[in-house]
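Before any comments, here is the structure.
The values are calculated or read from the model by the stated rules, or taken from the named source; none is laboratory data. Please read all numbers here as calculations on a predicted model, not as lab measurements. Here the Cβ positions follow ideal geometry from the backbone for every residue, glycine too, while neighbour counts run over all protein chains shown. For the accessible areas, the whole protein counts, side chains as well, though only heavy atoms, and no ligand, DNA or RNA atoms are used. Shrake-Rupley method; radii C 1.70, N 1.55, O 1.52, S 1.80 Å.
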Amino acid sequence: MIYTIAKKEFRSLFAAPSTWLMLALLQFLFAWFYFARMDDYLQIQAQLAHLDNAPGATIAVAAPLCGALALMLMLLIPLFTMRVIAEERRNQTWVLLLTAPVSAAHIVLGKFFGLLALLAIIICGCAAMLATLLLGTHADLGLMLANLGGVLLLAASYAALGLYLSALSKQPIIAASSALGLSFGLWMLEMSSSDNRSFLRALSPNAHFQNLNMGLINSADLIYFALFITTLLWLTIRQLNDERRHGL
Amino acid sequence: MSAPVTLSAHELTRRHGANLVAVSGVSLELRRGEVLGLLGHNGAGKSTTLQMLTGALPPDEGTVTICDFDLAKEPERAKACIGFLPEHPPLYKDMRVDDFLLFAARLHKVPAAKQAEALALAKQRCGLQDCSRKIIGTLSKGYQQRVGIAQAIIHNPAVVVLDEPTVGLDPAQIRDIRTLIRELGDSSSVILSTHLLNEVENLCDRVIILQHGRLIFSGSSAEMLANGNMEDAFLQITESGAAGK
């Protein structure tokens with residue numbers, strides 16, 4: 001049942017022209033960043049060559065690019081999540097799921113995984129671009145994979161957050177703007193904290209992504225992401241169950 | 001009548017806000033092979049009642065039992081026995097007819113081996129054979145309505161609930177849909193709400209009338225026809241109901 005809903009969700013996201021527009025824009029921006037970074041790197045490469053243990057192309061190009069990708073996904077994901085529940089309510093297709101013999105957990109997980117499949121494709125597109133580094137240099141594969149995994153976890157977190165806010169509202173635009181506001185707020189928590197050990201900073205998914213961005217795979221960060229995602233999915237399921245019992 | 005009861009509702013009540021009562025104390029029972037017509041003026045609570053019967057809207061009070069399963073306690077089993085066409089058909093406008101109907105079949109747990117057969121039968125019953133690859137959003141209102149009916153019957157449910165099924169259709173389509181409803185009435189139970197009294201006269205075994213969220217009449221259509229034509233009977237019942245209030 002989860003698979004049925006996930007497949008339908010993925011296909012209808014993929015069938016929408018707006019998705020393709022967003023994918024194209026994202027690829028364009030990503031490619032632009034890539035060339036800009038590459039250009040910078042090539043200009044200073046001659047000086048770097050004199051240093052012992054000079055930073056390689058992966059850390060100078062790929063890591064910052066993944067940081068940029070994380071930011072772009074943060075802005076993009078609310079536009080997908082608003083469609084998933086809130087827009088179905090507005091289009092009155094939600095009734096179909098509500099009157100079908102499907103539990104709220106299956107609906108939420110189906111929608112989450114359908115969305116995640118689309119996000120994985122977006123990330124794969126960017127990964128393919130980064131893989132061109134392998135053609136010209138000896139890239140640090142471990143660092144690159146840690147970065148891409150981190151981006152995927154971060155995207156999944158934002159998707160779970162967006163899904164919850166989508167479940168809370170009937171208006172897609174409210175779902176999107178509140179998801180954008182909250183994820184931006186979480187990002188600011190990381191940016192504005194002066195101290196790396198501050199409690200508030202630890203709340204932000206972005207702070208935990210920073211470690212993976214540097215190639216540091218920490219079990220604490222992985223547990224944080226798992227907790228963040230499961231908590232929000234659980235809240236979404238609860239919200240839908242409450243709604244089924246008492247009405248929205 | 002000794003056919004088994006497929007759907008029964010007991011004292012359903014639904015309030016919107018603190019004071020506004022949409023539906024109050026509605027009870028009804030439906031047996032296999034019966035077609036029940038739900039009548040009432042605009043805003044009488046017809047759609048709200050149907051939504052509560054199908055689990056789209058939780059009742060504030062009262063219980064619904066479908067094929068011996070309590071809708072509140074065993075929602076998944078109860079919902080598997082029901083097919084619902086709401087007032088606004090729940091159609092994903094960007095999907096193809098076949099894909100959408102197959103999705104509806106999977107949602108209602110039609111076994112994978114039987115899906116193709118169920119799809120073909122539903123399309124044939126609703127006259128959709130030529131629309132398989134068309135995108136739902138590009139179909140006319142009448143065809144969209146047919147797709148809506150097809151999704152409600154694709155899993156061959158014991159109870160079919162149709163909220164104004166013939167709205168926006170042309171006369172030929174109305175005739176086809178009525179034939180279909182009569183066919184469905186042979187094997188399943190059907191509840192339909194409508195404003196068209198001749199539809200009730202032609203199709204329904206029993207009639208209930210709602211007014212201001214209360215049930216004011218429940219009887220066979222023969223009883224309604226006994227004192228003249230359907231329209232007179234309907235107006236007489238609703239007006240005396242309003243006077244009695």
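What accessible area per residue comes out for chain B, rounded to a whole number of Å², with a 1.4 Å probe?
On a per-residue basis, 44 Å².
Between B:ALA120 and B:ALA222, the contour length at 0.36 nm per residue exceeds the alpha carbon distance by 33.1 nm. Protection proxy ranking of B:183-191, A:41-49, by the mean of other Cβ atoms within 10 Å over each peptide's residues and highest first, is B:183-191, A:41-49.
With each label modelled as a point 7 angstrom along the Cα→C-beta vector, the A:ALA131-A:GLN171 pair spans 4.4 nm.
Between B:SER27 and B:GLU11, B:LEU12, the built amide H atoms are under 5 Å apart, and every one of these is 5 or more places off in sequence or on another chain.
Inter-label distance, B:GLU61 to A:LEU145: 6.4 nm, where each label sits 7 Å from its Cα along the C-beta direction. Averaged over the residues of B:166-179, the number of partner chain Cβ atoms lying within 10 Å of the residue Cβ comes to 0. At a probe radius of 1.4 angstrom, the accessible area of segment A:28-99 per residue rounds to 48 square angstrom.
A drop of at least 30 square angstrom in accessible area, chain alone versus all protein chains together, probe 1.4 Å. Which residues of segment B:106-122 meet that? Residues meeting the cut-off: B:ARG106, B:LEU107, B:HIS108, B:LYS109. Among A:ASN53, A:ASN213, A:ASN147, whose mean-square fluctuation peaks in a Gaussian network model of chain A (Cα, cutoff 10 Å)? With Cα springs under 10 Å in chain A, the top fluctuation among A:ASN53, A:ASN213, A:ASN147 is at A:ASN53.
For the options B:HIS212, B:HIS155, B:HIS88, a Gaussian network treatment of chain B with springs between C-alpha atoms closer than 10 Å singles out B:HIS88 as fluctuating the most.
Based on protein heavy atoms only, segment A:153-228 ends up with 48 Å² per residue of surface accessible to a 1.4 Å probe. Rolling a 1.4 angstrom probe over the protein chains, ignoring ligands and nucleic acids, what is the accessible area of B:THR13 in square angstrom, nearest 10? Roughly 10 Å² of B:THR13 is accessible to a 1.4 Å probe.
Computed from the C-beta positions of B:HIS41 and A:THR230, the FRET efficiency with R₀ = 41 Å rounds to 0.25.
Evaluating 6.51 cos²θ - 1.76 cosθ + 1.60 at θ = phi - 60° for every residue in segment A:109-121, the Karplus couplings come out as 5, x, 5, 4, 6, x, 5, 5, 4, 5, 5, 5, 5 Hz, glycine and proline recorded as x. For B:ALA22, nonlocal amide neighbours, meaning residues 5 or more places apart or on other chains whose placed amide H falls under 5 Å from its own, are B:ARG14, B:ARG15, B:HIS16.
Split the accessible area of the protein assembly as shown by element, probe 1.4 Å, and carbon with sulfur accounts for 59%.
Measuring between alpha carbons in the structure, the pairs from A:LYS8/B:LYS73; B:LYS79/B:LYS134; A:LYS8/B:LYS123; A:LYS170/B:LYS93; A:LYS111/B:LYS141; B:LYS73/B:LYS109 lying more than 24 angstrom apart are A:LYS8/B:LYS73; B:LYS79/B:LYS134; A:LYS111/B:LYS141.
The residues of segment A:92-117 listed by number as losing at least 40 Å² of accessible area in the complex, against the isolated chain and with a 1.4 Å probe, are A:GLN92, A:THR93, A:VAL95, A:LEU96, A:LEU98, A:THR99, A:PRO101. Coupling constants for segment B:12-17 follow from the phi torsions by the Karplus curve (6.51 cos²θ - 1.76 cosθ + 1.60, θ = phi - 60°), and in residue order they are 6, 9, 9, 10, 10, x Hz; glycine and proline get x.
Here is the interface size for A with B: some 2200 Å² of accessible area buried, both sides summed, with a 1.4 Å probe.
For the protein assembly as shown, adding -39500 (n - 2.57) for each run of n ≥ 4 DSSP H residues and dividing by the number of residues yields -19500 deg cm²/dmol at 222 nm. Residues of segment B:69-102 that bury at least 20 Å² of accessible area once all protein chains are present, compared with their chain alone (1.4 Å probe, heavy atoms only, ligands and nucleic acids left out), are B:GLU76, B:LYS79, B:PHE84, B:HIS88, B:PRO90, B:TYR92, B:ASP94, B:MET95, B:ASP99. Whole-Hz Karplus values for segment A:13-30 come out as 5, 6, 7, 7, x, 4, 4, 5, 4, 5, 4, 5, 4, 5, 4, 5, 4, 5 Hz, taken residue by residue from phi with 6.51 cos²θ - 1.76 cosθ + 1.60 and θ = phi - 60°; glycine and proline positions read x.
Note on B:ARG32: accessible area approximately 100 square angstrom, rounded to 10, probe 1.4 Å, nucleic acids and ligands left out.
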